[in-house]
Amino acid sequence: MNINQLQQRITELQSALQKYSILLTQPPLAGDNPYCLDNNNLLREGLSMAGKIRSDDKCSVCGAGFFDNGTDLVCKKHFTTPKKYYLDLHYTPKGIKKKGIRLKIRWDQHGQRLDSYARAVFESRLIYREIAAGKFNPNIYCNKSYQKYVFDDFVWKWFDQTKSDLAPGSIINKELMIRVHYLPQFGGCDIREIRKFDILQYYNKLKETNLSDNFISAIMNGLKKIFKDACDWEMIDRIPGFPKIKRVRPESPKWIDRDTQEKILALIKPGHQPIFKFLILTGCRPGEARALMWDCIDFEKGIVTIRRTFSRYTLKHSTKTGKPRYLPMGEEMHRLLAEQKKTSPFVFINKYINEHYRINFGKVWKTASKKLGYDLPLKNATRHSFACQRLNDGQSVEKIAALLGHTDIRITQSVYTEFHVHHLTDAMENKKVVRLTGSSGHRPDTVRTPSGLKRGDS
């Protein structure tokens, strides 16, 4: 140890000694028990902290856990004590109304392991005063080499590493999921010590909430992706076990026929009609139609290339799948595109403000459709209707998957399950394809589904 290191160590010891002297000269925090934390003062300040001293160790004789007798953690039968302790705290920062953050603190400010009950008590008292003073920083309560394994630290580094591959909307959703769902449960935990039991506990807790099965599945899949990347980056040796979540069958998409689409189009201002006609003819995603540029139109070969999309307000130079998609240009589409003037790099512009369409352009369609008694999202009225109309006419699932840009035909089969089953039934019985719904007698207050007409189901 050189002189500089020795001086630094002396300074750290002096600082620690000063903190000890301050704490030891102050009276107990609450009641007769000097180890008890009085949370009332924190609550008056809009803060909260509650927790216990725990240990992951087991009795070396019987393998049982330890209980807290007020002075130490001991085995009830053999009176053995653990070698490692940690503070299991539930901390609610000022201004946060929800449950707050769960912290597992295993080290003191100087990176020393909490190896005794007395050290754990001292750190809890120190943390209490730091929270009351608004100076609490949980990141300093760890060994420096251990810091990178703390879930809080790792998950944000993971987020920074992976967000470049996400769409802007997905980035926002992922960040909210980390803040609202992952950190309150696993904040302060060592990612190397999270086991299948902890994952199952979290999954059972989610099932007790009012969250939908699909959203719970998304939360668990996102968490699994974090641990998978941690394993790929050699931060952990293996991925903790995850429960098998039964896949929820998606609802059959609601759709409308071409005649109804034309009636809605007639109620839209002529300047707005071209982009909606394009969506009806191609089944493109609304963001892809907004991002369509003239360099993607080849009139000679009769091909429209879909290679860009808008993700909320951001133009991305790749599609959702990352691969360009080539669509044949029929007579109707050729005529539609030829009528558009090249006054902008974008094919479809809002002629009333002379700019490309914004994210809220679907309101134009929604306003017109409500006049006919419909309340379908634009994606259902164009993209899903495009697929359902053609499947209803007997087109193969493979062709529809290619036109929609699905990388896996199973995606198309899962979304349009009932169409797929009906076609399989026809093939098995060697029958001609029969339309699932007729085109006559269609009422304004009905919306089509693959199984038939459902009155007023919108």
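Might you let me know whether region 113-121 holds any residue that is in the same structural domain as Thr92 (by TED's automatic domain parsing), out of contact with any His (no Cβ under 6 Å at 6 or more places or on another chain) and modelled with pLDDT under 80? The answer is yes; a qualifying residue exists. Being within 30 Å of Asn137 (Cβ to Cβ), surrounded by 13 or more Cβ atoms within 10 Å (Cβ to Cβ) and β-branched (Val, Ile, Thr) is a property that does not hold for Ile245.
Within region 329-348, how many residues are free of Cβ contacts under 8 Å to residues at least 40 places away in the same chain and touching a helix residue (DSSP H, G or I) at 6+ places or on another chain (Cβ under 9 Å)? So the count comes out to 2.
When region 340-361 is filtered for residues that are assigned to a strand (DSSP E or B) and either out of contact with any Ser or Thr (no Cβ under 9 Å at 6 or more places or on another chain) or modelled with pLDDT under 85 (or both), the ones remaining, listed by number, are Phe346, Asn350.
Among the residues of region 360-389, the one identified as over 15 Å from Leu279 (Cα atoms) and touching a strand residue (DSSP E or B) at 6+ places or on another chain (Cβ under 8 Å) is Tyr374. For first residues located in region 207-224 and touching a residue at least 40 places away in the same chain (Cβ under 8 Å), partners that are not basic (Lys, Arg) and lie 6+ apart or on another chain with Cβ distances below 7 Å form the pairs Ile219/Met177; Ile219/His181; Ile219/Leu206; Gly222/Met177; Leu223/Tyr182.
Listed here are the residues, each with its yes/no results for (1) surrounded by fewer than 20 Cβ atoms within 10 Å (Cβ to Cβ); (2) of a type in the set (S, T, N, Q); (3) within 17 Å of Pro328 (Cβ to Cβ); (4) not assigned by TED's automatic domain parsing to the domain that holds Pro324.
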| position | (1), (2), (3), (4) |
| --- | --- |
| Lys363 | yes, no, no, no |
| Thr367 | yes, yes, no, no |
| Lys370 | yes, no, no, no |
| Gly373 | yes, no, no, no |
| Asn380 | yes, yes, no, no |
| Ala387 | no, no, yes, no |
| Ser396 | yes, yes, yes, no |
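Table: residues versus (1) of a type in the set (Lys, Arg); (2) within 30 Å of Lys379 (Cα to Cα); (3) surrounded by 17 or more Cβ atoms within 10 Å (Cβ to Cβ).
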| residue | (1), (2), (3) |
| --- | --- |
| Cys189 | no, no, yes |
| Gln201 | no, no, no |
| Asn204 | no, no, no |
| Ala230 | no, no, yes |
| Thr260 | no, yes, yes |
| Ala266 | no, yes, no |
| Pro274 | no, yes, yes |
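The condition (being more than 24 Å from Thr260 (Cα to Cα) and either surrounded by fewer than 20 Cβ atoms within 10 Å (Cβ to Cβ) or modelled with pLDDT of 65 or more (or both)) is satisfied by just one residue among Gly456, Gly405, Gly452: Gly405.
The values are calculated or read from the model by the stated rules, or taken from the named source; none is laboratory data. The shown structure was predicted, so the numbers you read here are calculated from the model rather than taken from an experiment. Here the Cβ is made from the backbone with ideal geometry for all residues, glycine too, and neighbour counts use every protein chain on show.
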